[in-house]
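Comments concern the structure below.
Values quoted throughout were computed directly from the atomic coordinates according to the rules given, and no laboratory measurement underlies them. Model, not experiment: these values are computed from the prediction. Cβ: placed from backbone, ideal geometry, glycine included. Neighbour counts: every protein chain shown.
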Amino acid sequence: DSGVTQTPKHLITATGQRVTLRCSPRSGDLSVYWYQQSLDQGLQFLIQYYNGEERAKGNILERFSAQQFPDLHSELNLSSLELGDSALYFCASSDGTSPANEQFFGPGTRLTVL
Amino acid sequence: GIQVEQSPPDLILQEGANSTLRCNFSDSVNNLQWFHQNPWGQLINLFYIPSGTKQNGRLSATTVATERYSLLYISSSQTTDSGVYFCAGGRVSGTYKYIFGTGTRLKVLA
């Protein structure tokens, strides 16, 4: 158990809908990272937050947004969903901002868009 | 953008064997990491290794930044080493804007 929790574990929805994925980092970790893993695109870094502020942005679509709350949990919002958004979404946390800080991954949320 | 190529794409080993996984980058990177995804999907951060050599138990990694490649060595492999190994790299120092390779799928047979 990495100490990172993600909810829900599975999500099935329809095209055009909006969903919210939630991540609770390990106790004491200030950085949260979001990743997408799909058959088409492979593993992709989406975005990083540190202590409530956006720190680094990767291949995150404009239809997607994220935020980190004062209690350090994070949410990834996906809107106007398309079939291609079906993927496993991982959250990770670390205690710092540097890539040298070890990341701990949650179990992922599997999103299926029908 | 940076292209990341991993080889071999698939590898089957007998328990106890050693292996070397390779990661090539199309351009220089300032950050480089290796990850393992087990057969149940759990991701683990193995090494942060922009240059030099690191060891952690039976695993070690070497990055030759000037030649734009990194190697992951697995010695005395165990069935628990099975899964997919990813490398990822980025050019922007101090940030996590990484590009991931497509992975090496390893299966270790008992």
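Tabulated results
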read-out: Fluctuation leader among A:Asp40, A:Asp85, A:Asp71 - chain A, Gaussian network, Cα springs under 10 angstrom; value: A:Asp40
read-out: Amide N proximity, region A:36-52 versus A:His73 label position 7 Å along Cα-to-Cβ, cut-off under 11 Å; value: none
read-out: FRET E, pair B:Arg22, A:Arg18, Förster distance 30 Å, beta-carbon r, rounded to 0.05; value: 0.15
read-out: Rel. contact order, % - alpha carbon contacts under 8 angstrom, at least six apart, chain A; value: 37 percent
read-out: Neighbourhood charge, 13 Å Cβ-Cβ cut-off, centred on A:Gln44 and excluding it, Lys, Arg +1 and Asp, Glu -1; value: 0
read-out: Of the trypsin sites (Lys or Arg not before Pro) in region B:1-66, those whose Cβ has at most 15 other Cβ within 10 Å and which sit in DSSP loop; value: B:Arg58
read-out: Candidate lysines - alpha carbon under 18 Å from A:Lys57, same-chain residues fewer than 8 apart omitted; value: B:Lys97
read-out: 5 angstrom amide H check on B:Arg91, placed H, neighbours 5+ away; value: B:Asn30
read-out: Cβ neighbours within 10 Å from other chains - mean over A:104-113; value: 2
read-out: Interatomic Cα distance distribution for the protein assembly as shown, bins of 10 angstrom, percent; value: 8, 33, 36, 19, 3, 0
read-out: A:Ser27-A:Glu54 FRET efficiency (beta carbon distance; Förster radius 22 Å; 0.05 resolution); value: 0.50
read-out: Label-point gap, in nm, between A:Thr5 and B:Ser51 - each point 7 angstrom along Cα→Cβ; value: 4.3 nm
read-out: DSSP-defined beta bridges in chain A - what % are antiparallel, rounded to 5; value: 90 percent
